[in-house]
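Notes for the one structure printed next.
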Amino acid sequence: MRYNPRFAIDGALKPMGATKNIDALHEQMIGWRRDIHMHPETAFEEVRTAKIVADKLKAWGYQVTEGIAKTGVVATLKVGTSNRSIALRADMDALNVLETNNFGHASTVKGKMHACGHDGHTTMLLGAAQVLAETRNFDGTVHLIFQPAEEGLGGGKAMVKEGLFERFPAETVWGMHNMPGFPSGHFAVRKGAMMAGSDRLDITVRGVGGHAAFPHKTVDPVVTAAAIVTALQTIASRTLDPLEQVVISVTQIHAGDAYNVIPEEVVMCGSVRTFKPQVQAKVIEAIERIATNVAAAHGAIAEVTYTKGYPPTVNSDKETEIAVEVARQVVGPERVRSDVTPIMGSEDFSYMLLEKPGCYIMLGNGAGDERGACMCHNPGYDFNDDILPTGVKYWQALVESQLPKR
C-alpha cells in the first residue's frame with residue numbers, strides 16, 4: 001500500500017483531526033502518568049488505579065463497567081448509527097521491583113514500581129478516551145479495555161474467561177506497548193508472531209546425599225543438575241531446525257544447607273520461550289528425555305514439570321497492515337518498521353488475539369542516550385512522557401480509520 005498521509009485504510013480521505021486537543025492534553029497526561037507511577041499496584045490489586053480510570057471515563061460520558069477480572073475496567077462509547085465496533089486495550093499493573101530512581105514521582109510503595117510502563121499505557125488510552133469523547137469523529141462503538149494483572153498472572157485470560165467479548169462485542173482488538181531500545185516516537189510491528197509464548201519449567205533431581213569428603217558414597221544431585229543445565233542448551237543447537245527460535249533458561253537452582261553436605265535433592269526452575277506450537281511440543285519432549293536420561297547416567301532420578309503459560313502473541317495480517325498505515329499517518333513512514341524481529345518477551349494480550357483478529361504494536365520509548373532507553377523490568381526504568389501524545393494520536397487515528405464517518 002503506497003503511503004498517503006491522508007489516506008484511511010478503507011480508502012476514504014480523512015484528516016487526523018484534534019491534534020491541537022492532544023497537544024493541550026500533554027501536560028495533564030504527564031500528571032496522570034506520574035501519579036499512577038507514584039502509587040503502583042500489582043496484579044489484581046489495581047484498586048486505586050481502576051478507580052481513577054473509571055471516574056475519568058464516567059466524567060467524559062462513557063458507559064463504564066467495573067470489576068471484570070476483579071479490578072478490570074471496560075468503557076464503551078457509541079457514536080452515530082453504525083453497528084461496527086473496535087476494542088483498544090491497555091494494562092494497569094506494576095511489578096514487584098524496588099525502584100532505584102530518586103526523581104519526584106518515584107514509587108511511594110516499597111518493593112513495587114511501574115517498571116514496565118503500564119502507567120504510560122493506561123495514560124495514553126485515557127488521553128485517547130478524552131479526545132474521542134470530545135471530537136466524536138467516528139461512527140460506531142469503541143470499547144476501551146483497562147486490564148489488570150498482565151505481569152504473570154494472566155489478567156487478559158481472566159477477562160476473556162469472564163465473557164469480555166460476549167459482553168462487549170468487537171470486530172477487532174488492538175494493543176500497544178512501549179519499547180526501550182527503539183527511538184522515541186517510532187513504531188515497530190510485524191505480521192504473525194510478535195512476541196513469544198512463555199512457559200515454566202521445574203526439574204527436581206533426586207540422588208543420595210552424604211558427606212562432602214566422601215562423594216563416592218553419594219549420588220550427587222548437584223553435579224547431575226549441572227550436567228542437565230548444560231545438556232538442555234543442545235535443544236536449540238542440535239534438536240531443532242536452526243531457523244526455529246527457542247530460549248531455554250534455567251533461572252533458579254536450589255539445593256543444600258551446609259558446606260560439607262552433599263544434598264539429597266536439587267530443584268531447578270526456568271523459563272521456555274517459543275513462537276510455534278510444533279516447536280513447543282518438540283521442546284517439551286526433548287527436555288523430558290534429556291533430564292531423565294542425564295540423571296539416569298549419573299545414577300539419579302529427574303522429575304520434570306512443564307507448565308504452559310502465555311501463548312505467543314500473533315498479529316493477524318490484515319490488522320497489521322492497518323496498524324502500519326495508521327502509524328505512518330501519525331509519525332511518517334520513515335519512523336515505522338513493519339519487519340521488526342520477533343520479541344522473546346511474552347504478553348497476555350495473546351489471549352485476546354486468540355479470540356479476535358488484531359494487532360499488537362510497539363512504540364519506541366527511547367534508544368541510546370535518549371531518555372527512556374533503560375530496559376523494562378529494570379529498577380531504574382521510567383516511561384518516557386514525551387511519547388504520550390504519539391500514543392494518543394495513534395489510538396485516535398486507528399479508531400477514525402476503522403469506524404469512519406459516512
Discussion item. For the range 323-359, give me each residue that is out of contact with any strand residue (DSSP E or B) (no Cβ under 7 Å at 6 or more places or on another chain) and of a type in the set (A, V, I, L, M).
Written reply: 326, 330, 354
Worksheet item: Does the range 379-399 contain any residue that is in a loop (DSSP other than H, G, I, E, B) and small (Gly, Ala, Ser)?
Response: yes
Practice prompt. Scan the range 134-178 for residues that are surrounded by fewer than 24 Cβ atoms within 10 Å (Cβ to Cβ), in a helix (DSSP H, G or I) and not small (Gly, Ala, Ser) and jot them down.
Written response: 134, 135, 157, 160, 161, 165, 166, 167
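Please verify whether the range 96-112 includes one or more residues that are part of a strand (DSSP E or B) and surrounded by 24 or more Cβ atoms within 10 Å (Cβ to Cβ).
Our first condition is that a residue be part of a strand (DSSP E or B); within the range 96-112, this holds for none.
No: zero hits.
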Practice prompt. Tell me, yes or no, whether the range 257-265 has at least one residue that is surrounded by fewer than 12 Cβ atoms within 10 Å (Cβ to Cβ) and of a type in the set (S, T, N, Q).
Written response: yes
Worksheet, complete the sentence: residue 244 meets each of (1) closer than 25 Å to residue 376 by Cβ; (2) in contact with a Lys or Arg (Cβ under 8 Å, 6 or more places away or on another chain) with one exception, condition (1)
Practice prompt. Could you figure out which of (1) modelled with pLDDT of 95 or more; (2) surrounded by fewer than 18 Cβ atoms within 10 Å (Cβ to Cβ); (3) over 30 Å from residue 389 (Cα atoms) isn't true of residue 332?
Written response: (3)
Item to complete: Mind listing whichever residues of the range 367-387 are closer than 28 Å to residue 198 by Cβ and touching a helix residue (DSSP H, G or I) at 6+ places or on another chain (Cβ under 8 Å)?
Response: 372, 382, 383, 384, 387
Worksheet item: Is it true that some residue in the range 200-221 is outside any strand (DSSP E or B) and within 17 Å of the chain's Cα centre (by Cα)?
Response: no
Practice prompt. From (1) surrounded by 19 or more Cβ atoms within 10 Å (Cβ to Cβ); (2) part of a loop (DSSP other than H, G, I, E, B); (3) not aliphatic (A, V, I, L, M), pick out the condition that doesn't hold for residue 369.
Written response: (1)
Item to complete: Return yes when residue 50 is part of a helix (DSSP H, G or I) and in contact (Cβ under 8 Å) with a residue 12 or more places away in the chain and no when it is not.
Response: yes
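The values are calculated or read from the model by the stated rules, or taken from the named source; none is laboratory data. Being a predicted model, the structure only gives us computed values, none of them experimental. So basically every Cβ, Gly included, is an ideal-geometry build from the backbone, and we count neighbours across all protein chains shown.
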